[in-house]
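The values are calculated or read from the model by the stated rules, or taken from the named source; none is laboratory data. Quick caveat: nothing in here was measured; it's all calculated off a predicted structure. Note: ideal-geometry Cβ built from the backbone for every residue, glycine included; neighbour counts use all protein chains shown.
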Amino acid sequence: MDAPNFIPQVVKNCENINEQLQQFSLTSKISLDHLWFDILDVHTSIKLHEKDEYHLITGNEIAQFEKDAFYTKEDFFVQQTYDIRIKPKTKDYGLTLEITPMSDKMHLVPDNHFSIIDDEHFYEEVFGVIDSLMAQNNIIFRQQHIQRQNLKIHLQELCAQGIHPQKILLKTAPDLTPYQNAEFIFTLQKEWEKNGREAPKNSFFGVSADEVIAEYIKPVQGKSGRNLKGEYIKMDTKAMPQMPPIQHNKNLVRQEETQNKVIFKSQIPAYVKIEDNAILFNTNYEFSTIKTTNTPMLLGGVKSGLTITIESENEFIDAIEANMIIEASNIHIIGSIGENVELSAQKITIEGQTHQSSTIYSQEAKITTHKGKFYGDVIEIKNLDTGFVQADECTIEIASGSEVYAKKIKIDTLKSNNKLHFSQECLIKENQGGENKFVISASADNKTKQAMEFIDKKISLLKTKMRAMAQEYQFLITKAKENKPIIDKIKSAPKDVQKAMLNESDIKKTYHHFITSLKKLKILKRELLKLQNTIKELYTSLFEIENETLSAKILAQTEWKLENQIIYHRDYPKSSDEVLLLEDGESADIAIDPSSKKIKKIK
């Protein structure tokens, strides 16, 4: 960010920091986005009655205030004001505070690019940012030394293990416990819907033996106490609700109870649903033609160990009719599947045809005729007819008008108008068509593509952070240069003169700013070098991934028919396409020259 250049302003006894920043922004015509502040001092005042005046506590009173035994008493009110220094915001610290609705807990949430440097100056800077965020959120300053020491130890442990910090608990109210309502959770449905998709009504959900079906979270009575903002919260006494009776077959469901909840676990692999406070089981795994009017959706059973077999009633109708969703560990279909059907499994066999609007997700699959979309690891297809495949390995008997993305592709008979994207090998036993496009690319493999996109996005975000830090570094350098003549004058003066000079408030302030700037410059330099090395390592990873395609090849066991296009695509260091046309009658395999990174024919 572009740091505005203004003289930092000190505000004493500030009650509302956000209002003070807003006022400064309006007066100075500097955006709030460009303002930050340091906490110079905290003043704690208390009163015994609401109508009394607050009085400032000092000495022994502050020592008592630090103790939980005093803080948890109901018979006083507390207020804190702050001496702050408003200054240019030259850095995005990547830290936020997350405070619970009743202010009984406070967490520190670092962003994805927060980087730990095991250095005392770094920790002091982090502590200062947290103090500022606490003051902005009216969190009472108490036991700060303990808070800082605990955080420092935690960050040092993470740094030593090379782990990025997640949400960190900083503070908990010593005696306040918020009331918590009882809650019944159908765990299987909640897990299926976690990405925002709503399960169709009356669906059954797959469960494995000893897996949790549902949980009853017991209510928490709640306890009155003082929260982190200094407010004493009185919790009303409520009648504790009893868990509604959940009907279930004790031979199928095992009920377990802990201090906080009641757990319902399945004793067998099955499909279950909860209806009218009853756990219902479906143990029918063999079907003839299914459709939305005679069969519920069977969801979430991919890891259940269940095998579903579906057979068409006759050759004229689909085994699975339109709009069905079926999920199991294994799915065996004898017949075709209709439009908008969605299948998910570890292993799928379809002895029939898939509709062009169908979608299949599976680690392994065997399909007679595929016209829809497939996403998985390994697939064997007899007839790939205008279908789409994204897999690690793909074996096809006949391919026509289709699109494939994979590491390895093997085709017995290649007809026309196919687009074949691969990163390692494509074997063609017989060419019978033309107008096919072969694309050699690291991103042909979806897992590799996702890894590359993640690395690329991380590089982009780190560069943005690095630019902001470089601007702060330059800002501090400029300020240090401006103050250097005064600092040199102080250093060259005799000791008694130095002491006299430092007693002058303006010179003392300049000296303090200079020393603070030097400390920050040291931290920034280390952070910038760390970011620079991280970006370099990420680029190296991208180049290594790209260079894996240098060993890619196309093996053609018969001569080429009509015209076919070969493309070697690279994304790094910049996007590029190397193109080669194969003409009718040519006999050649295709490889990549590692030195020139160009396509070559091998005859």
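Is it the case that Q353 is crowded, with 19+ Cβ neighbours inside 10 Å and modelled with pLDDT of 95 or more? Answer is yes for this residue.
Assess whether D175 counts as being within 15 Å of Q255 (Cα to Cα) and more than 26 Å from the chain's Cα centre (by Cα). No, not satisfied. Residues of region 260-278 that are under 30 Å from G225 (Cβ atoms) and either charged (D, E, K, R) or without any contact (Cβ under 8 Å) to a residue 40 or more places away in the chain (or both): K261 alone. Selection of first residues in region 292-320 that are closer than 17 Å to S336 by Cα and in contact (Cβ under 8 Å) with a residue 40 or more places away in the chain and of second residues that are charged (D, E, K, R) and assigned to a loop (DSSP other than H, G, I, E, B), restricted to Cβ pairs under 8 Å at least 6 apart or on distinct chains, gives the following pairs, ordered by first then second residue: S312/D318. Scanning region 448-488 for residues that are touching a residue at least 24 places away in the same chain (Cβ under 8 Å) and closer than 19 Å to F422 by Cβ yields T448, A451, M452. Is there a residue in region 529-536 that is surrounded by 13 or more Cβ atoms within 10 Å (Cβ to Cβ) and aliphatic (A, V, I, L, M)? Scanning region 529-536, I find at least one residue that is surrounded by 13 or more Cβ atoms within 10 Å (Cβ to Cβ) and aliphatic (A, V, I, L, M), so the answer is yes. Candidates in region 453-496 are the residues that are of a type in the set (G, A, S) and in a helix (DSSP H, G or I); of these, the one that is farthest from T540 (Cα to Cα) is S492. Restricting region 478-505 to residues that are within 48 Å of the chain's Cα centre (by Cα) and over 19 Å from P88 (Cβ atoms) leaves a set whose member that is surrounded by the fewest Cβ atoms within 10 Å (Cβ to Cβ) is K484. E215 fulfils the conditions (1) at pLDDT below 95; (2) over 21 Å from E74 (Cβ atoms); (3) surrounded by 18 or more Cβ atoms within 10 Å (Cβ to Cβ); (4) not hydrophobic (A, V, I, L, M, F, W, C) except for a single criterion, (1).
Of the residues in region 570-590, how many are touching a helix residue (DSSP H, G or I) at 6+ places or on another chain (Cβ under 8 Å) and of a type outside the set (F, W, Y)? Residues that pass the stated criteria total 3.
Whenever a residue of region 167-195 is outside the structural domain of D104 (by TED's automatic domain parsing) and within 25 Å of K303 (Cβ to Cβ), its partners that are in a loop (DSSP other than H, G, I, E, B) and hydroxyl-bearing (S, T, Y), lying with C-beta atoms within less than 9 angstrom and at least six residues away or across chains, give the pairs Q189/S203; W192/S203. Please work out if K600 is outside any helix (DSSP H, G or I) and touching a Gly at 6+ places or on another chain (Cβ under 6 Å). Judged against the criteria, K600 is not a match.
Pairing each residue of region 327-340 that is surrounded by fewer than 23 Cβ atoms within 10 Å (Cβ to Cβ) with any residue that is part of a loop (DSSP other than H, G, I, E, B) and of a type in the set (K, R), provided the two are 6+ apart or on different chains, yields C-beta distances under 9 Å for S329/K303; G338/K291. Filtering region 574-588 to residues that are surrounded by 10 or more Cβ atoms within 10 Å (Cβ to Cβ), more than 16 Å from G433 (Cβ to Cβ) and of a type outside the set (V, I, T) leaves S576, D577, E578, L580, S587, A588. Just one of the listed residues (I317, I337) is modelled with pLDDT under 95, more than 30 Å from D210 (Cβ to Cβ) and among the aliphatic types (A, V, I, L, M), and it is I317.
Would you check if T549 is of a type in the set (V, I, T) and surrounded by fewer than 16 Cβ atoms within 10 Å (Cβ to Cβ)? No, not satisfied.
Specify which of the listed residues (I290, I274) is under 32 Å from the mean Cα position of the chain (by Cα), buried (at least 17 other Cβ atoms within 10 Å of the Cβ) and not hydroxyl-bearing (S, T, Y).
Working: I290 fails: under 32 Å from the mean Cα position of the chain (by Cα).
It is I274.
Is there a residue being assigned to a strand (DSSP E or B), touching a residue at least 60 places away in the same chain (Cβ under 8 Å) and in contact with a Lys or Arg (Cβ under 9 Å, 6 or more places away or on another chain) anywhere in region 230-245? Yes, there is a match, as at least one residue in region 230-245 is assigned to a strand (DSSP E or B), touching a residue at least 60 places away in the same chain (Cβ under 8 Å) and in contact with a Lys or Arg (Cβ under 9 Å, 6 or more places away or on another chain). Looking at region 18-37, which of its residues are outside any helix (DSSP H, G or I) and of a type outside the set (A, V, I, L, M, F, W, C)? Across region 18-37, the qualifying residues are K29, S31. No other residue among S541, S575 is of a type in the set (S, T, Y) and touching a residue at least 40 places away in the same chain (Cβ under 8 Å) apart from S541. The criterion of being over 30 Å from I99 (Cα atoms), surrounded by fewer than 17 Cβ atoms within 10 Å (Cβ to Cβ) and outside the structural domain of Q143 (by TED's automatic domain parsing) holds for K250.
Looking for something within 28 Å of Q450 (Cβ to Cβ) and in a helix (DSSP H, G or I) - is there at least one such residue anywhere in region 519-529? No, region 519-529 has no match at all.
Among the residues making up region 430-446, those that are in contact with a Leu (Cβ under 8 Å, 6 or more places away or on another chain) and either in a strand (DSSP E or B) or not charged (D, E, K, R) (or both) are E430, N431, Q432, G433, G434, N436, K437, F438, V439. In this structure, does L384 turn out to be buried (at least 18 other Cβ atoms within 10 Å of the Cβ), assigned by TED's automatic domain parsing to the domain that holds E583 and aliphatic (A, V, I, L, M)? It is false that L384 is buried (at least 18 other Cβ atoms within 10 Å of the Cβ), assigned by TED's automatic domain parsing to the domain that holds E583 and aliphatic (A, V, I, L, M).
Condition check ((1) without any contact (Cβ under 8 Å) to a residue 12 or more places away in the chain; (2) under 31 Å from the mean Cα position of the chain (by Cα); (3) more than 20 Å from S443 (Cβ to Cβ)) across all residues:
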residue: A365; (1), (2), (3): no, yes, yes
residue: L384; (1), (2), (3): no, no, yes
residue: E393; (1), (2), (3): no, yes, no
residue: G401; (1), (2), (3): no, no, yes
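Looking only at region 161-177, decide whether some residue is surrounded by 19 or more Cβ atoms within 10 Å (Cβ to Cβ) and of a type in the set (G, A, S). Yes - at least one qualifying residue is present in region 161-177.
If you take the residues of region 199-248 that are β-branched (V, I, T) and over 30 Å from the mean Cα position of the chain (by Cα), which of them is farthest from F70 (Cα to Cα)? Lay out the reasoning, then the answer.
Applying the first criterion (β-branched (V, I, T)) to region 199-248 yields 207, 212-213, 217, 220, 233, 237, 246.
Going one step further and asking which of them are over 30 Å from the mean Cα position of the chain (by Cα), we end up with 220, 233, 237, 246.
Numbers: V220: 25, I233: 16, T237: 24, I246: 45 Å.
Looking at the filtered set, the residue picked out is I246.
Consider region 530-573 and keep the residues that are within 19 Å of D456 (Cα to Cα) and in a strand (DSSP E or B). The one that is farthest from the chain's Cα centre (by Cα) is H569. Among the residues of region 93-109, those identified as over 24 Å from I233 (Cβ atoms) and touching a helix residue (DSSP H, G or I) at 6+ places or on another chain (Cβ under 6 Å) are Y93, L95. Figure legend. Inter-residue proximity from region 31-43: first residues farther than 18 Å from K509 by Cα, second residues of a type in the set (D, E) and part of a strand (DSSP E or B), beta-carbon distance below 7 Å, spacing 6+ or different chains. No pairs are indicated.
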